[in-house]
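Notes to accompany the following structure.
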Amino acid sequence: MIIISASVVSAENDSLKFKNNLEKFLEFEFNDTLKAVEFLSEATEIAEKNKNPAQLGIAYRYWGWYHQDHSRHFQAMDMFKKSMRYYFEMNDVQGMADSYGNIGNIYEDLGDNNTAIDYQLKSLTLNEKILYNEKNPDKYKKSIRGKAYALGNISNMYTSTGDYEKALDYALQSMELEQGTGNGHSLDATYTNIGIIYRKMKKYDESLKYHLMSLKWRTDRNELNNLGSYYQNIATVFYDM
């Protein structure tokens, strides 16, 4: 007869509650702020009660996203850095890589593109380090996605500074990785970003090609939300032509 201790059952229940609360936060993040905060607060209380560094790292990352959603950039920065300290404590390299990317996004929001690119390059380097050594297929796939995000973020920053050649190079690298992961939403965004870069380079045929690829990706999957912006991107290319 196998006896499971009450403490193990309690920890499993807390882990499930923690996960469910984070899922609920994401569900209400943009349409009911009060409910979103309620669920995230409960998840954080569970992590703090158990002094679980993995859960704390995730919870504070979510708080960073919450503050970023409301343009509270410095509060978001504090949360992302707090999150990263737990990942350092656990030597969680993937968590550190993701944190560098999150912090880089905040610096971009603040208009400091040079520092933003530095952080995204740190994220890129760590993801490449993981890919060089990782044997676990799930973790490997997560690092591929992390590397693709970092490449895409760097591309966006070079686009905003007008260095379109570099922007295109990083965007195409990101696209190549994403095509291998089947990560539909980010691939869709990457097609759009490549279309925008080509339009700014006045390469209208290439721009139109990628915007149409992005539109097809969405319609093939019946993802019709915000579809107007995709048609608008195509119309803008025709207007410029």
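Structure notes:
- Accessible area per residue (1.4 Å probe, heavy atoms of protein chains only) ranks E176, E29, E206 as E176, E206, E29, with the largest value leading.
- Each residue was assigned an accessible area with a 1.4 Å probe, and for E89 the value is about 130 Å².
- At an R0 of 35 angstrom, the distance between the Cβ atoms of K139 and F238 translates into a FRET efficiency of 0.20.
- Across the chain, the relative contact order, built from alpha-carbon pairs under 8 Å that are at least six residues apart, equals 9 percent.
- Within the assembled protein chains, the solvent-accessible surface assigned to M241 is about 110 Å², based on a 1.4 Å probe.
- Rounded, prolate or oblate (a/c below 1.5 giving rounded, otherwise prolate when a/b exceeds b/c) for region 14-141 by Cα gyration tensor: oblate
- Rounded percent of accessible protein surface that carbon and sulfur make up, the chain, 1.4 Å probe: 51 percent
- On the basis of the beta-carbon distance and an R0 of 25 Å, M90 and K216 show a calculated FRET efficiency of 0.05.
- Which labelled figure in (i) 18.0; (ii) 18.6; (iii) 19.6 is Kirkwood radius over Cα pairs in Å, once derived from the coordinates: (iii)
- Three-way shape call for region 23-74 based on the alpha-carbon gyration tensor, with the a/c threshold at 1.5: oblate
- Solvent-accessible surface of the chain, averaged per residue with a 1.4 angstrom probe and all protein chains in place: 56 square angstrom.
- Region 221-241-region 14-69 distance, computed between alpha-carbon centres (Å): 34 Å
- Simple spin-label estimate for K17 and N31 gives 2.7 nm between the two label positions (7 Å along the Cα-to-Cβ direction from each Cα).
- Gain on full stretching of the segment that runs from D169 to E38 - 0.36 nm per residue minus C-alpha separation: 42.9 nm
- For R221, solvent-accessible area (1.4 Å; no DNA, RNA or ligand), Å²: 110 Å²
The values are calculated or read from the model by the stated rules, or taken from the named source; none is laboratory data. Computed from a prediction, not measured in an experiment: that's the story for all the values here. Glycine also receives a Cβ, built like all others from the backbone with ideal geometry; neighbour counts cover every protein chain displayed. Heavy atoms of the whole protein, side chains included, go into the accessibility calculation; ligands, DNA and RNA do not. Shrake-Rupley method; radii C 1.70, N 1.55, O 1.52, S 1.80 Å.
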